[in-house]
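Enquirer: Can you keep this structure in mind? I'll have questions shortly.
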There are 2 protein chains.
Amino acid sequence: MNRAQFDVLTIGNAIVDVIAQVDDTFVEREKLVKGSMNLIDEDRAEHLYGAMGPATEISGGSAGNTAAGVANFGGRAAYFGKVKDDQLGGIYRHDMRAQGVAFNTPAAKEGPATARSFILVTPDAERTMNTYLGACVNLSTADIDAEIVKSSAVTYMEGYLWDKPEAKEAFRLAAQIARASGQLTSITLSDSFCVERHRDSFLDLIRSHIDIVFANESEIKSLYKTQNFDGAVAAIRRDCPMAALTRSEKGSLIVRGGETVESQALPVSKVVDVTGAGDLYAAGFLFGFTQKLALQQCAVLGSLAAAEVISHTGARPEIDLGAHAKKLGLI
Amino acid sequence: MNRAQFDVLTIGNAIVDVIAQVDDTFVEREKLVKGSMNLIDEDRAEHLYGAMGPATEISGGSAGNTAAGVANFGGRAAYFGKVKDDQLGGIYRHDMRAQGVAFNTPAAKEGPATARSFILVTPDAERTMNTYLGACVNLSTADIDAEIVKSSAVTYMEGYLWDKPEAKEAFRLAAQIARASGQLTSITLSDSFCVERHRDSFLDLIRSHIDIVFANESEIKSLYKTQNFDGAVAAIRRDCPMAALTRSEKGSLIVRGGETVESQALPVSKVVDVTGAGDLYAAGFLFGFTQKLALQQCAVLGSLAAAEVISHTGARPEIDLGAHAKKLGLI
């Protein structure tokens with residue numbers, strides 16, 4: 001790696017979460033698959049918002065949550081993502097910058113509004129996401145600030161970007177610049193349905209352009225079309241220099257060449273809302289990794305951040321994770 | 001009372017709360033008086049928002065919280081308040097209607113944006129509010145829908161309206177219509193600084209137009225310029241048919257003519273954010289009162305709602321208070 005200005009740059013869909021508690025019958029009535037992320041159009045967004053109860057608005061977006069998490073740990077984080085020049089866009093930018101994340105992607109002046117995800121949290125703390133991409137569809141190669149990519153130790157991107165051709169091109173460009181500058185590239189597979197939609201393309205990308213893959217159990221199994229987790233682990237070990245695989249309450253597994261590190265999940269007194277668990281695991285892991293900590297420590301920091309974020313509503317940390325990790329002697 | 005379509009109509013400043021955790025040094029550095037509500041202009045709003053950390057947006061506004069609480073208990077609630085036709089205004093309207101509150105005050109098409117209150121919550125759970133009134137300044141007598149006032153058993157208004165001459169006129173008009181229709185009028189004194197600003201005017205109003213006053217200990221003492229709570233109680237007993245006086249962990253005191261009812265506060269395992277405690281007390285009390293329950297029961301419902309709202313961030317109930325009260329055998 002060259003000397004880096006940022007530890008982690010993340011690129012993703014800039015989305016304000018609109019979170020409401022619902023019961024299971026609501027999820028059934030709206031014909032939703034619990035735990036999934038659904039892309040919705042404006043009409044559907046209007047319908048769902050009209051049908052759901054009072055909500056809370058919190059900045060979200062998978063890669064945005066990860067950047068916020070890295071900065072919250074005390075890491076140097078940057079973010080590329082597209083909002084519109086509207087009230088929600090202003091809120092999104094404020095929340096990133098207030099967390100210490102460098103976020104300068106210009107806001108769209110025209111076109112659809114800042115993205116929203118209607119996140120329905122059921123009593124079992126599971127979340128079902130319904131995302132209206134809005135202004136995110138305008139993220140393009142023009143938004144890839146090459147200087148920032150070159151000066152970021154890791155460029156991390158969300159698989160969700162693959163759902164729009166322009167964003168996919170932006171992603172590819174950033175990966176090329178990062179690699180050409182001797183920096184690392186990373187991707188989260190985002191969602192098993194997302195993997196389903198883009199399997200071959202994801203595999204090509206991972207094999208040729210990615211250094212670190214983040215995935216949960218169902219995503220990595222979906223990538224290799226297998227029900228066998230061990231088989232999927234063996235496959236990703238061959239295909240990518242490093243993978244961090246999360247398994248909910250079973251903890252996580254890191255594979256890097258011949259090396260394998262297993263880590264336990266941390267106990268949570270009450271799981272309130274699982275939104276952001278994977279995003280914050282990636283934040284903790286990448287913070288540790290860019291501080292050159294041992295893989296075991298990186299995994300523990302990931303678990304620590306995931307445990308915090310699922311203990312409350314919303315996908316951004318509510319405590320100072322850096323101070324918390326220091327108090328526990330982890331960093 | 002005539003037969004009513006609504007149990008409670010509330011009128012107030014329609015405000016989206018922008019809530020952030022801060023430490024005490026932030027409050028000191030910004031020269032704020034902890035626990036107070038400060039009216040701020042656009043420049044100050046920009047400064048404070050830039051200085052504060054990542055935030056959560058939740059619909060608020062004192063009387064808006066009360067209407068939401070009444071509806072959450074299962075009461076029939078209506079609301080008058082002014083938002084702009086912008087994203088935050090849309091969020092505010094959604095949250096009211098999704099809670100079952102009738103809210104049809106037309107949004108302003110021009111002028112300042114929907115109001116925001118930057119609510120800084122310190123580790124002691126105390127909140128310091130900084131309110132940019134924005135579109136609220138346009139609430140006027142034209143927004144008083146006489147038919148709704150006539151058909152609401154109680155019209156409840158927040159003292160904060162008194163800070164703007166047009167809103168004050170709207171308040172007076174609503175009170176006149178309510179009284180002329182044989183319905184009841186109610187006011188919350190809102191804040192001891194608000195009482196300080198409008199003491200004589202509040203006293204005139206209460207003596208001539210108000211049936212039920214809500215106030216906390218410092219507000220009622222400020223109204224009568226006394227340090228003696230018992231003296232203030234005696235004075236309000238003379239000046240108004242009924243008063244519900246809240247005293248934080250000391251519970252509440254209801255005075256109605258010669259009658260006096262004392263009620264305990266309910267235990268809260270952890271106080272997280274006291275925003276909305278008084279608003280939700282009023283909601284529970286007025287719900288019980290319009291269901292013709294005994295004063296003691298009304299006070300308990302008020303305490304129940306206040307205890308719920310201070311146990312989490314934000315000033316709107318997160319549980320079904322009606323179901324909760326039924327389970328406890330209170331209604």
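Bear in mind these aren't lab numbers, they're just calculated from the coordinates by the rules spelled out. Just so you know, these numbers come straight off a predicted model, no measurement behind them. Methodologically, a virtual Cβ is constructed for each residue, glycine included, from the backbone with ideal geometry; neighbour enumeration extends over all protein chains shown.
Enquirer: Just checking, how many residues over the range A:80-107 are among the small types (G, A, S), touching a residue at least 24 places away in the same chain (Cβ under 8 Å) and either over 17 Å from A:A67 (Cα atoms) or within 12 Å of chain B (Cβ to nearest Cβ) (or both)?
Expert: The initial filter retains those residues of the range A:80-107 that are among the small types (G, A, S), namely A:81, A:89-90, A:98, A:100, A:102, A:107.
Okay, now just the ones that are also touching a residue at least 24 places away in the same chain (Cβ under 8 Å), so A:81, A:89, A:100, A:102, A:107.
If we keep only those that are either over 17 Å from A:A67 (Cα atoms) or within 12 Å of chain B (Cβ to nearest Cβ) (or both) too, we end up with A:89, A:100, A:107.
Matching residues across the range A:80-107 total 3.
Enquirer: With respect to A:A77, is the statement that it is surrounded by 23 or more Cβ atoms within 10 Å (Cβ to Cβ), closer than 20 Å to A:A305 by Cα, touching a Ser or Thr at 6+ places or on another chain (Cβ under 6 Å) and within 14 Å of chain B (Cβ to nearest Cβ) true? Please lay out each step first, then the result.
Expert: On the way: surrounded by 23 or more Cβ atoms within 10 Å (Cβ to Cβ): yes; closer than 20 Å to A:A305 by Cα: yes; touching a Ser or Thr at 6+ places or on another chain (Cβ under 6 Å): no; within 14 Å of chain B (Cβ to nearest Cβ): yes.
It is false that A:A77 is surrounded by 23 or more Cβ atoms within 10 Å (Cβ to Cβ), closer than 20 Å to A:A305 by Cα, touching a Ser or Thr at 6+ places or on another chain (Cβ under 6 Å) and within 14 Å of chain B (Cβ to nearest Cβ).
Enquirer: Hey, another quick one. What residue, among those in the range B:142-184 that are touching a strand residue (DSSP E or B) at 6+ places or on another chain (Cβ under 8 Å) and closer than 21 Å to B:S222 by Cβ, is surrounded by the fewest Cβ atoms within 10 Å (Cβ to Cβ)?
Expert: B:D163
Enquirer: In this structure, is B:T226 touching a helix residue (DSSP H, G or I) at 6+ places or on another chain (Cβ under 7 Å) and either among the acidic types (D, E) or in a loop (DSSP other than H, G, I, E, B) (or both)? Before the answer, list the steps.
Expert: On the way: touching a helix residue (DSSP H, G or I) at 6+ places or on another chain (Cβ under 7 Å): yes; either among the acidic types (D, E) or in a loop (DSSP other than H, G, I, E, B) (or both): yes.
So B:T226 fits the description; yes.
Enquirer: Consider A:V27 carefully, then state whether it is surrounded by 15 or more Cβ atoms within 10 Å (Cβ to Cβ) and in contact with a Leu (Cβ under 8 Å, 6 or more places away or on another chain).
Expert: On the way: surrounded by 15 or more Cβ atoms within 10 Å (Cβ to Cβ): yes; in contact with a Leu (Cβ under 8 Å, 6 or more places away or on another chain): yes.
It is true that A:V27 is surrounded by 15 or more Cβ atoms within 10 Å (Cβ to Cβ) and in contact with a Leu (Cβ under 8 Å, 6 or more places away or on another chain).
Enquirer: Further question on the same structure: Inside the range A:1-58, can you point out the residues that are among the hydroxyl-bearing types (S, T, Y) and within 24 Å of A:G74 (Cα to Cα)? Give the steps one after another, and end with the answer.
Expert: Start the filter on the range A:1-58 by keeping residues that are among the hydroxyl-bearing types (S, T, Y), which leaves A:10, A:25, A:36, A:49, A:56.
Answer for the range A:1-58, where residues must be among the hydroxyl-bearing types (S, T, Y) and within 24 Å of A:G74 (Cα to Cα): just A:T10.
Enquirer: What number of residues in the range A:108-118 are more than 10 Å from every other protein chain (Cβ to nearest Cβ) and more than 20 Å from A:E318 (Cβ to Cβ)?
Expert: From the range A:108-118, those more than 10 Å from every other protein chain (Cβ to nearest Cβ) are A:108-112, A:115, A:117-118; that's our starting set.
Now drop any that are not more than 20 Å from A:E318 (Cβ to Cβ), which leaves A:108-112, A:115, A:118.
So the count comes out to 7.
Enquirer: What are the residues in the range B:278-294 that are surrounded by fewer than 24 Cβ atoms within 10 Å (Cβ to Cβ) and in a helix (DSSP H, G or I), if any?
Expert: So in the range B:278-294, the residues surrounded by fewer than 24 Cβ atoms within 10 Å (Cβ to Cβ) come out as B:290-294.
Once the filter is applied, which keeps residues that are surrounded by fewer than 24 Cβ atoms within 10 Å (Cβ to Cβ) and in a helix (DSSP H, G or I), the range B:278-294 yields only B:T290.
Enquirer: Sort out which residues of the range B:17-65 are closer than 27 Å to B:K82 by Cα, among the β-branched types (V, I, T) and within 14 Å of chain A (Cβ to nearest Cβ), and write them in order of number.
Expert: Those that are closer than 27 Å to B:K82 by Cα, among the β-branched types (V, I, T) and within 14 Å of chain A (Cβ to nearest Cβ): B:V18, B:I19, B:T56, B:I58.
Enquirer: Give me the residue from the range A:242-260 that is more than 18 Å from the chain's Cα centre (by Cα) and surrounded by fewer than 17 Cβ atoms within 10 Å (Cβ to Cβ) and, out of that set, nearest to A:T56 (Cα to Cα).
Expert: A:E249
Enquirer: With B:A265, B:A315, B:A305 as the choices, which residue is outside any helix (DSSP H, G or I), under 22 Å from B:R97 (Cα atoms) and in contact with a Gly (Cβ under 6 Å, 6 or more places away or on another chain)? Walk me through it before giving the result.
Expert: Numbers: B:A265 fails: under 22 Å from B:R97 (Cα atoms); B:A305 fails: outside any helix (DSSP H, G or I).
Only one candidate passes the filter, namely B:A315.
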